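Accompanying notes for the structure given below.
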Amino acid sequence: MSAVIQVRDLSRRFGSFDAVKAVSFEVRQGEIFGFLGANGAGKSTTIRMLCGLLAPSGGQALVAGHDVGRDPESVRMSVGYMSQRFSLYPDLTSMENLDFFGGAYRIPRSERLRRARTLLEEVGLARHEHALVSSLPGGMRQRLALAAALLHRPAIVFLDEPTAGVDPGARRRFWRIIRGLAEAGTTVFVTTHYMDEAEYCGRVGLMVDGRLVALDVPSALKRRFVPGRLVLVRGSALDLPAVRAAPGVWEAHAFGAGLHVRGEPGVMTDDALRRVLEASGARQVTVEDHAPTLEDVFLAVARQSGDDA
């Protein structure tokens, strides 16, 4: 697949603060590309530049063949954008909102109304065509905002924290829609705080303090940042320093009521961990293998970045 987003040394400065620092990457057609990072890491600033809403301070980005610095208007007309902040009008109905946004994209009215009804059906809101947006729950509002972003049939859609604040059922439905878009050839660039959602992405980029510190498929990120054997230890009176001193243990951290422990395969054994913990006073100790997640990756990257600072 060809690259529809090409970013080279893209930077953005606000006064003396560097929000985005020489970021480079490409996104392919039909890809679900995830962008992860803590608040203030530079994710939203990057998206706003790629959507033609914010001028770069340096570097270059081509989106759908248009230069974001030189031709932001063409970029804006070529992409769909769903911002973190809900941007529809609460005192208008679902259809009135889509009619308004379709007009902004200069879609003929008969055509935009036809597209709007089709999209309302696709996002499960056909029965709410005449409902005021203010009366819709959060999950429905998010789906309506997605429909507005897709009304002009963009080849690329940017979704900035699209499921923030909605219930798990609404999140699952939203991601079914996203996967359907990608299967139809739409490129989806998405930021999320939910690490389980990031598992749905074809590739994931990790932003820390304005820098893109890692980019790969989720499985490769796990191998790189969470190597070795990872286990979940449960029990009462668990002694974290004792675990960290056990044979073969590389690191151990609190994880809910238990411990996440990572170490050298074949050396860090279940029996060794149990013996160390029981000798320190722990009881009812259980040890089970735990497949690494992108949350483990994110925490490892954050710790590594903190150590490098």
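The values are calculated or read from the model by the stated rules, or taken from the named source; none is laboratory data. Only a predicted model underlies this, so the values are computations on that prediction, with no experimental measurement involved. Cβ: placed from backbone, ideal geometry, glycine included. Neighbour counts: every protein chain shown.
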Taking Tyr200 as meeting all but one of (1) hydroxyl-bearing (Ser, Thr, Tyr); (2) under 16 Å from the mean Cα position of the chain (by Cα); (3) not assigned by TED's automatic domain parsing to the domain that holds Asn39, write down the number of the exception. (3)
From (1) at pLDDT below 90; (2) assigned to a helix (DSSP H, G or I), pick out the condition that doesn't hold for Glu111. (1)
If the requirement is being of a type in the set (Gly, Ala, Ser) and in a loop (DSSP other than H, G, I, E, B), which of these qualifies: Ala38, Ala61? Ala38
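How about the range 130-142: which of its residues are assigned to a helix (DSSP H, G or I), in contact with a Pro (Cβ under 8 Å, 6 or more places away or on another chain) and surrounded by fewer than 18 Cβ atoms within 10 Å (Cβ to Cβ)? Explain how you work it out, then say what you get.
Taking the range 130-142 first, the residues assigned to a helix (DSSP H, G or I) are 133-135, 138-142.
Checking the rest, the ones that are also in contact with a Pro (Cβ under 8 Å, 6 or more places away or on another chain) come to 133-134, 142.
Across the range 130-142, the qualifying residue is only Ser134.
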Positions within the range 201-227 being surrounded by 17 or more Cβ atoms within 10 Å (Cβ to Cβ), in a loop (DSSP other than H, G, I, E, B) and aliphatic (A, V, I, L, M), in sequence order: Val226
Anything in the range 265-309 that is surrounded by fewer than 19 Cβ atoms within 10 Å (Cβ to Cβ) and closer than 17 Å to Arg224 by Cβ? List them, or say none. Pro265, Ala291, Thr293, Glu295, Leu299, Ala302, Arg303, Gln304, Ser305, Asp307, Asp308
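If the requirement is being surrounded by fewer than 19 Cβ atoms within 10 Å (Cβ to Cβ), of a type in the set (Gly, Ala, Ser) and either free of Cβ contacts under 8 Å to residues at least 24 places away in the same chain or not assigned by TED's automatic domain parsing to the domain that holds Trp175 (or both), which of these qualifies: Ala155, Ala126? Show your work before the answer.
Numbers: Ala155 fails: either free of Cβ contacts under 8 Å to residues at least 24 places away in the same chain or not assigned by TED's automatic domain parsing to the domain that holds Trp175 (or both).
Exactly one of Ala155, Ala126 is surrounded by fewer than 19 Cβ atoms within 10 Å (Cβ to Cβ), of a type in the set (Gly, Ala, Ser) and either free of Cβ contacts under 8 Å to residues at least 24 places away in the same chain or not assigned by TED's automatic domain parsing to the domain that holds Trp175 (or both), namely Ala126.
Suppose we keep only residues that are among the small types (Gly, Ala, Ser) and in a loop (DSSP other than H, G, I, E, B) within the range 228-239. Which one would you say is farthest from Gly266 (Cα to Cα)? If you could, list the steps in order and put the result at the bottom.
We begin by selecting, within the range 228-239, every residue among the small types (Gly, Ala, Ser); these are 228, 235-237.
Narrowing the set further to residues that are in a loop (DSSP other than H, G, I, E, B) leaves 228, 237.
Values: Gly228: 10, Ala237: 26 Å.
Among residues in the range 228-239 that are among the small types (Gly, Ala, Ser) and in a loop (DSSP other than H, G, I, E, B), the one farthest from Gly266 (Cα to Cα) is Ala237.
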Yes or no: the range 240-250 includes at least one residue that is exposed (fewer than 15 other Cβ atoms within 10 Å of the Cβ), in the same structural domain as Arg143 (by TED's automatic domain parsing) and without any contact (Cβ under 8 Å) to a residue 60 or more places away in the chain. no
Considering each residue of the range 183-213, count those that are under 27 Å from Phe17 (Cβ atoms) and of a type in the set (Ser, Thr, Tyr), and give that number. 2
Answer with yes or no whether Leu98 is at pLDDT 95 or above, within 14 Å of Leu150 (Cα to Cα) and not small (Gly, Ala, Ser). yes
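Residues are listed down the side, and each one gets a yes or a no for (1) closer than 27 Å to Asp196 by Cα; (2) modelled with pLDDT of 95 or more; (3) assigned by TED's automatic domain parsing to the domain that holds Ala41:
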position	(1), (2), (3)
Asp209	yes, no, yes
Leu215	yes, yes, yes
Arg234	yes, yes, no
Leu238	no, yes, no
Glu264	yes, yes, no
Ala272	no, no, no
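Only one residue in Ala145, Ala164, Ala182 is among the hydrophobic types (A, V, I, L, M, F, W, C), part of a loop (DSSP other than H, G, I, E, B) and in contact (Cβ under 8 Å) with a residue 40 or more places away in the chain. Which one? Can you show your working first?
Working: Ala145 fails: part of a loop (DSSP other than H, G, I, E, B); Ala182 fails: part of a loop (DSSP other than H, G, I, E, B).
Every option except Ala164 fails the conditions.
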The residue that is modelled with the lowest pLDDT, considering only those in the range 63-87 that are crowded, with 19+ Cβ neighbours inside 10 Å and either among the hydrophobic types (A, V, I, L, M, F, W, C) or on the phi > 0 side of the Ramachandran plot (or both), is Met82
